[in-house]
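Working notes, beginning with the structure itself.
The values are calculated or read from the model by the stated rules, or taken from the named source; none is laboratory data. Remember, predicted model here, so these are calculated numbers, not experimental data. Neighbour counts run over all protein chains shown; Cβ positions are idealised from the backbone, glycine included.
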Amino acid sequence: MMDVEIRSFTFGPVGANMYVLLFGKQALVIDPCCPWGNTGLSDDVRVTSVLCTHGHFDHISEADDIVPRFLCPLYISSEDSPMLSDASLNHSMHFGMMVRVDSPYKVLDKKVYSNEELGITDSGRFNMQVVPTPGHTSGSVCYYFNFIGNAKQYMFTGDMLFRRSIGRTDLGGSELDMTRSIELLKTMNDDIVCFPGHGSETILGEEKHRNPYF
């Protein structure tokens with residue numbers, strides 16, 4: 001059975017969530033917005049990959065702290081990759097900040113990544129599906145994890161889906177795309193535990209019935 005521990009760290013001026021998926025002493029980071037030193041994790045934990053759900057500043061602000069520290073790859077969609085180096089596109093400039101990411105990145109060019117491809121080799125097996133969910137931004141994605149030997153399913157939704165709400169579409173997104181992304185999520189398993197970019201976790205089936213945008 002897959003032994004994974006999910007830690008959440010809320011940080012920054014708008015309270016974005018960074019998630020650390022711990023597989024023993026190996027880890028994945030989703031939305032690098034919290035300084036690694038603030039996590040309190042032990043020094044022998046090693047991050048093997050960093051994944052961005054989208055390119056807004058509040059979700060990428062600490063990439064240059066985490067990526068060089070562990071010399072690990074940084075993944076983002078091709079559509080949102082220009083936001084990494086542009087404070088206007090990532091909207092940090094509008095908050096009086098100049099967030100830019102200088103670390104090298106890799107464009108998400110596959111639909112499914114295995115645990116080995118993400119550098120997790122010590123603790124079981126999983127597949128991570130990249131689910132394109134444009135709307136909040138043109139390149140927003142969700143990361144859906146299917147753990148082999150574990151009945152639970154997890155999805156990290158960024159700012160596409162929140163508990164009883166959805167992300168805004170006026171910061172480089174599209175209402176039409178968001179509507180299509182919602183329709184896509186309606187087709188997915190009700191039991192998926194969703195971890196959003198802001199706020200608390202939720203269950204996809206509950207959102208289908210209680211989220212007014214669904």
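Does region 99-112 contain any residue that is assigned to a loop (DSSP other than H, G, I, E, B) and at pLDDT below 95? Yes. Residues considered: Met160, Met188. Of these, the only one that is of a type outside the set (Lys, Arg), more than 17 Å from the chain's Cα centre (by Cα) and either at positive phi or buried (at least 17 other Cβ atoms within 10 Å of the Cβ) (or both) is Met188. Filtered by the rule that a residue be within 17 Å of the chain's Cα centre (by Cα), touching a residue at least 60 places away in the same chain (Cβ under 8 Å) and under 15 Å from Asn115 (Cα atoms), region 24-50 gives Leu28, Ile30, Thr48, Ser49. Note on region 57-96: residues that are charged (D, E, K, R) and surrounded by fewer than 19 Cβ atoms within 10 Å (Cβ to Cβ) total 4. Considering only residues in region 1-48 that are among the small types (Gly, Ala, Ser) and surrounded by 13 or more Cβ atoms within 10 Å (Cβ to Cβ), the one that is nearest to Ile120 (Cα to Cα) turns out to be Ala27. Being part of a strand (DSSP E or B) and in contact with a His (Cβ under 6 Å, 6 or more places away or on another chain) is a condition met by at least one residue of region 4-16.
Listed here are the residues, each with its yes/no results for (1) closer than 18 Å to Leu51 by Cβ; (2) part of a helix (DSSP H, G or I).
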site: Gly119; (1), (2): yes, no
site: Met128; (1), (2): yes, no
site: Pro134; (1), (2): yes, no
site: Ala151; (1), (2): no, no
site: Thr157; (1), (2): yes, no
site: Arg168; (1), (2): no, no
site: Leu171; (1), (2): no, no
site: Asp177; (1), (2): no, yes
site: Leu184; (1), (2): no, yes
